[in-house]
Structures are given as structure tokens and as C-alpha cells.
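Engineer: The structure follows.
All of the numbers you see were taken from the coordinates with simple rules; none came from a lab. Please read these numbers as outputs of a predicted model, since none were measured by experiment. Positions of Cβ are generated from backbone atoms using ideal geometry, with glycine treated the same way; all protein chains shown enter the neighbour counts.
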Amino acid sequence: MGGKGHTKPAGETLSEAERARFADLLGAVAIRQDRNAFAELFAYYAPRVKSYLLRLGADNALAEEIVQDVMVTVWRKAGLFDRAQASASTWIFRIARNRRIDLFRRSKRPELDPEEEMVLPSGVEAPDARVEAMETEARVRAAMKDLPEEQVLLLKLAFYEGLSHSEIAAKLGAPLGTVKSRIRLAFAKMKARLGDD
């Protein structure tokens, strides 16, 4: 989590004095709810965050909505900013990136139809189906035993606890990209072990 992150827009270079100034402004918002400090942060960062979101593919209305949400978060959570961990720019653009990812995930999740057969309670399960399910479960458990412990943990968090990748990353204090790549790797190993099952 160094002072410079990948979430800052390309071409944005601040001097040390400017970086310190924005960190001080965030501190003023955190400690005194200083509206003038927030207004200065808003004037500088809102258009830059919007431009960043547009470059990432958000349309104008969505970019505006996320900018408003990000700046409200900056106002409310300024006390969480730690200048020893990141610059103000990195912190604010990370919030923007995470908000965009959250909204993208939500929009990709289809609404459930309460009449959909898959979500209705099933009837009495046929004995052979139960046996087959138990055999499949045993094969999956056996395949999971071959995985490193960290990959087993990630699969359990994702599929048994139903956590999203970003929730897993937050829970484990690991980078989101690392979580995703390790889950993909675990899947690939499981698929190789289980074949077409």
C-alpha cells in the first residue's frame, strides 16, 4: 500500500507540497468537518475522478453518480485516511475504483424470479440422485485436499460463505487481484482433477 498506487489517473503528478496540502485538507475534514477544506478537495478531485471513471468505461450519468458517492465517502470517512499508508490521491481514487467495481458487480447480478424452478423447493429427491450427489461431494472434497490451504480457504469463503472477491480481499487483507488469481488457479486445479464432472 505505498504512497503511490495504480488507482491514480495516468499523467497526474503532484509535487510533495501539493501532496502534503491535500493530506492536510483531508485531516481538516476528519478532525473539524472543515467545509472549506472539503470544498477545495471536491473542486480538485471531483472532475479528475469523473474523467478517470469515463476512461474506465462508465457513461456520463454513472460517472457523475459515482463521483457524488465517492466525495460523500471522503467527507464521512476522512478519519480513515492515513498519510503514512497512501497519498490523498491514491486513497480517493481507490475509493472511486472500488465503488465502480461494486456497482458493476451489482448490475451484472440478475434479479431472481420467485417462480424460477431453480429457486423453488425441490420435491422428494430420488434415492439415486442423492447417492450421486454424495459421490460427487466426496470427489470434490478429495480434490480439495490436494490444494494448498490458502486456496481451500478462498474456495470456502467464496462458495460456502458466499463472499464476493472484494469481501474476501478485505477479510484477508489481501490485494483483490491476488484473491482472484488464486481462486482461478484453485478452479483450474479442481477442473484438472475432476475432469468433466
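Engineer: Taking only the alpha carbons of region 16-108, what extent do you get along each of the three principal axes, in Å, biggest first?
Structural biologist: Computed over region 16-108, the largest-to-smallest principal extents equal 38, 23, 21 Å.
Engineer: Any of LYS156/LYS189; LYS50/LYS77; LYS145/LYS191; LYS156/LYS180; LYS77/LYS180 with alpha carbons more than 18 Å apart? Name them for me.
Structural biologist: Long pairs (Cα-Cα over 18 Å): LYS50/LYS77; LYS77/LYS180.
Engineer: While we're on this one: Could you tell me which residue out of ALA63, THR73, GLY27 lies farthest along the dipole of region 24-115 toward its positive end? Charges go on the beta carbon: Lys and Arg +1, Asp and Glu -1, centred on the Cα centre.
Structural biologist: GLY27
Engineer: Using the Kirkwood formula on the Cα atoms of region 138-194, what hydrodynamic radius do you get, in angstrom to one decimal?
Structural biologist: Averaging 1/r across every pair of different Cα atoms and inverting gives 11.4 Å.
Engineer: Find how much the distance from GLU18 to ARG139 grows on full extension, using 0.36 nm per residue of separation minus their present alpha carbon separation; answer in nm with one decimal.
Structural biologist: Numbers: separation 121, 0.36 × 121 = 43.56 nm, distance 5.81 nm.
Extending this stretch completely gives an extra 37.8 nm.
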